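Worksheet for the structure shown next.
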Amino acid sequence: MPTKKKTVTRLDSNYVEQYDAYIERQKRKKQRLVRRLVLFSVVVLVVIGSMATYHFKQISLQEEKQEQYNQMEEKLTTMEKEEENLREEIKLLNNEEYVLEIARTNYFLSKEGELIFKIPDEEPSY
């Protein structure tokens, strides 16, 4: 089947030239609109991407700081317990009888006329 060729001749009138110029302006206007929309979309995507990246960095930083905070809280509680134990030890060391008891047990000091026998803490091997 042969393809039909358009055999309509084009009129060279002032109206046709104005209409062609109008159509050309519309095409350029549409092309500029598409370019602006693409450019705007790219800018918006870049801004959203940078904001998302910043947000995720802040989340990871906040988690890291929270972990450090929890570790410091644990360290603080252990130090407070240690401080309480040391204060109790200071109170006990101010007591003369406690100091004498420590001297007897650790350094084998005895009262006058007292004998000290050291018994091994281990179980006999037989």
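The values are calculated or read from the model by the stated rules, or taken from the named source; none is laboratory data. What you see is a predicted model; the values in this text were computed from it and never measured. Neighbour counts run over all protein chains shown; Cβ positions are idealised from the backbone, glycine included. Calculation scope for accessible area: heavy atoms of the full protein, side chains included, ligands and nucleic acids excluded. Shrake-Rupley method; radii C 1.70, N 1.55, O 1.52, S 1.80 Å.
Just the number please: accessible area per residue for the chain, 1.4 Å probe, all protein chains included, in Å².
105 Å²
Enumerate the calculated ³J(HN,Hα) couplings along region 3-13 in order (Karplus 6.51 cos²θ - 1.76 cosθ + 1.60, θ = phi - 60°), each rounded to whole Hz, writing x wherever the residue is Gly or Pro.
6, 7, 9, 6, 10, 7, 8, 8, 7, 9, 10
Label points 7 Å out from Cα along the Cβ direction at LEU109 and ARG35: separation in nm?
9.8 nm
Quantify, in whole percent, the carbon and sulfur part of the accessible surface of the chain (1.4 Å probe; protein heavy atoms only).
58 percent
Mean residue ellipticity at 222 nm from the helices of the chain, using -39,500 (n - 2.57) per DSSP H segment of n ≥ 4 over the full residue count, to the nearest 500 deg cm²/dmol?
Computed ellipticity for the chain at 222 nm equals -27000 deg cm²/dmol.
Put +1 on the Cβ of every Lys and Arg and -1 on every Asp and Glu Cβ in the chain; which of GLN71, VAL38, TYR98 then has its Cα farthest towards the positive end of the dipole?
Selected residue: VAL38.
With the cut-off at 31 Å, tell me which of the pairs LYS4/LYS27; LYS30/LYS57; LYS91/LYS111; LYS75/LYS111; LYS81/LYS111; LYS5/LYS27 have Cα atoms farther apart than that.
Going by Cα-Cα distance, LYS30/LYS57; LYS75/LYS111; LYS81/LYS111 fall outside the 31 Å limit.
What is the angle, in °, between the Cα long axis of helix 96-107 and the longest principal axis of the Cα atoms in the chain? Nearest 10 is fine, range 0 to 90.
Tilt of helix 96-107: around 90 degrees.
Would you kindly compute the Cα radius of gyration of region 1-100 and its largest Cα-Cα separation (Dmax), both in Å?
When restricted to the Cα atoms of region 1-100, Rg and Dmax are 41.1, 128 Å.
Given a 10 angstrom Cα cut-off, can you work out which residue in GLU24, GLU73, GLU82 is the most mobile in a GNM of the chain?
Among GLU24, GLU73, GLU82, the largest GNM mean-square fluctuation belongs to GLU24.
List, in order, the whole-Hz ³J(HN,Hα) value for each residue of region 39-45 obtained from phi through the Karplus relation with A = 6.51, B = -1.76, C = 1.60 and θ = phi - 60°; use x for Gly and Pro.
Computed from phi, the couplings for region 39-45 are 4, 4, 5, 5, 4, 5, 5 Hz.
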